[in-house]
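Asks: The following block contains the structure, expressed as structure tokens.
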Amino acid sequence: MKYPTVEDIFLTFELNEETTEELTDMNYTLNKNLDCLINKEKLSEDDIECVRNLKSEIECESRIIGFKQGFYFAVKLFTNAN
């Protein structure tokens, strides 16, 4: 039997959809500035797609890492509660 990883749990329950008003504001500002940079530098469509994909991947990985840290911390607290 294969047990799910913490990453599997995070993605299965679509926890990446969780957000806050502050994160939404930061994401809006980042996208606005990214659009300005793209327009100013006249990047190719491939470069634009690459930058946007990397931004999304970094955001998802950051959330997964935060979830893993919180999960492991909770387990540690639970196992040391005896």
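Asks: What number of residues in region 1-36 are more than 18 Å from the chain's Cα centre (by Cα) and at pLDDT 80 or above?
Replies: Residues meeting the conditions: 7.
Asks: Assess whether M1 counts as being hydrophobic (A, V, I, L, M, F, W, C) and assigned to a loop (DSSP other than H, G, I, E, B).
Replies: Judged against the criteria, M1 is a match.
Asks: Let me ask another. For region 45-70, give me each residue that is more than 11 Å from the chain's Cα centre (by Cα), over 19 Å from T5 (Cα atoms) and either surrounded by 11 or more Cβ atoms within 10 Å (Cβ to Cβ) or among the small types (G, A, S) (or both).
Replies: Residues satisfying the conditions are D47, I48, E49, C50, V51, R52.
Asks: Quick check on region 13-44: of everything there that is in a helix (DSSP H, G or I) and more than 17 Å from E59 (Cα to Cα), which residue is most open to solvent (accessible area, probe 1.4 Å)?
Replies: K40
The values are calculated or read from the model by the stated rules, or taken from the named source; none is laboratory data. Note that the structure is predicted; figures quoted are calculated from it, not measured. Glycine also receives a Cβ, built like all others from the backbone with ideal geometry; neighbour counts cover every protein chain displayed. In case anyone asks, the SASA skips ligands and DNA or RNA and just uses the protein heavy atoms, side chains included. Shrake-Rupley method; radii C 1.70, N 1.55, O 1.52, S 1.80 Å.
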